[in-house]
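The structure appears right after this line, and notes come after that.
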Amino acid sequence: MAALTTSWIEELHLDNNNLTDSSCPHLASGIRNNPTLRTLNLSKNHLEGPQFSDLMAVLTTSRIEKLDLTCNHLTDSSCPHLAFGIRNNQTLRTLDLSNNNLEGPHFSELMEALTTSRIDNLHLDSNYLTDSSCPHLASGIRNNPTLRTLSLSWNYLKGHCSDLMAALTTSQIEELHLYNNHLTDSSCPHLASGIRNNQTLRTLDLSWNNLEGPHFRDLMSALTTSRIEELHLNNTHLTDSSCPNLASGIRNNQTLRVLNLAANNLEGPHFRDLMAALTTSRIEELQ
């Protein structure tokens, strides 16, 4: 990594290189003395360990704007180091921590550090996050003025989803991904509260959950006052009985342009309600 310090490299990809914790001091040395590096991809390695702290410490003085740590076997014990790195870095905008295992008592430290970072794009997909992480996630997004895209897909956030949705109302998030989070019909009132009182959200992905039920109407009612432009409800177990609620939602929404209803079961007498509402909607793309 010594050569990196004298290079003019702006983008470095070291993904899938069997790098381990022992590589972190060398990585740190390389990026510490390089003023041009902006993108660093370290995905699909195995950086979990005591020396991961070296890499995160040097992040505080780097000019890196995009850091990819996907699939690095990071655990809850890495969160304090991640927190230290992002808390003291003013250039990082995109951080991808997907496919790790960050659930645990130290996850709160990472979310606390998020509040003082400049990150606008955060990916936490497939991190074994559960309901108990929601209050920490809520605190992180509530107090962060820069976050615009948050991806939480493939976790298990059913439960205190209400905390997360309450925080959404005061955030500046424009894109939220909750794909495959074991959300059910009982989550719909909380989802509704979140989008009803948020004026920045433009893209909402709720695919691969199980939203069919009497409370689905709450979500569709909130859609009428939201600013959402793209809504994904594919594979959410919706049936013909959901069609009147879907119809009401799209009929009274003036911003929705993309609606994905693929892989549901909408056949039945109420399907015509949905099609009738489509004639007065602003939708440009329907799946």
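Volume of the convex hull of the chain (Cα atoms only), normalised per residue: 111 Å³. Spherically averaged projected area of the convex hull of Cα atoms, region 151-208: 3.4 nm². State the percentage of accessible surface on the chain attributable to carbon and sulfur atoms; use a 1.4 Å probe and exclude ligands, DNA and RNA. In the chain, the share of accessible area belonging to carbon and sulfur is 49 percent. Rolling a 1.4 Å probe across the protein heavy atoms gives the chain an accessible surface of 42 Å² per residue. Taking Cβ atoms as reference points and 12 Å as the exclusive limit, the residues near residue 251 contribute a net charge of 0, counting Lys and Arg as +1 and Asp and Glu as -1.
The length gained by stretching the chain between residue 271 and residue 66 to full extension, at 0.36 nm per residue less their Cα-Cα distance, is 69.3 nm. For region 1-82, a simple Cβ point-charge model (Lys and Arg +1, Asp and Glu -1, everything else neutral) yields a dipole of about 200 debye relative to the Cα centre.
In the chain the longest region clear of chymotrypsin sites (Phe, Trp or Tyr not before Pro) that are loop-assigned by DSSP and have at most 16 other C-beta atoms within 10 Å covers 129-287.
Residue 90 sits among other residues whose Cβ lies under 14 Å from its own Cβ, and their net charge, with Lys and Arg +1 and Asp and Glu -1, is +3.
Roughly how many nanometres apart are two label points built 7 Å out from the Cα toward the Cβ at residue 33 and residue 286? A separation of 6.3 nm, rounded to one decimal place.
The Kirkwood hydrodynamic radius of region 101-192, based on inverse pair distances between different Cα atoms, is 12.9 Å.
Taking every DSSP helix (H) stretch of at least 4 residues in the chain, weighting each as -39,500 (n - 2.57) and dividing the sum by the residue count yields a mean residue ellipticity at 222 nm of -8000 deg cm²/dmol. Other residues lying with their Cβ under 13 Å from the Cβ of residue 47 contribute a combined charge of -4, Lys and Arg counting +1, Asp and Glu -1. For region 8-118, treating each Cα as an identical point scatterer without solvent, what Debye log10 I(q)/I(0) comes out at q = 0.15, 0.21, 0.23 1/Å? Ignoring solvent entirely, the Cα scatterers give -0.55, -1.17, -1.44.
Placing dummy labels 7 Å off each Cα toward the beta-carbon, the span from residue 90 to residue 263 is 4.5 nm. Each label was represented as a point 7 Å from its Cα along the Cα-to-Cβ direction; for residue 131 and residue 16 these points are 3.9 nm apart. For residue 143 and residue 182, what is the calculated FRET efficiency with R₀ set at 25 Å and r taken between the beta-carbons, to the nearest 0.05? The value I calculate is 0.40. Its residues counted as N, region 180-287 yields a C-alpha radius of gyration over 2.2 N^0.38 Å of 0.94.
The values are calculated or read from the model by the stated rules, or taken from the named source; none is laboratory data. Computed from a predicted model, the values in this text were never measured in an experiment. Counting neighbours? That spans all protein chains shown, and the Cβs are built from the backbone with ideal geometry, glycine included. To get the accessible areas, we keep the full protein, side chains included, count just its heavy atoms, and leave off ligands, DNA and RNA. Shrake-Rupley method; radii C 1.70, N 1.55, O 1.52, S 1.80 Å.
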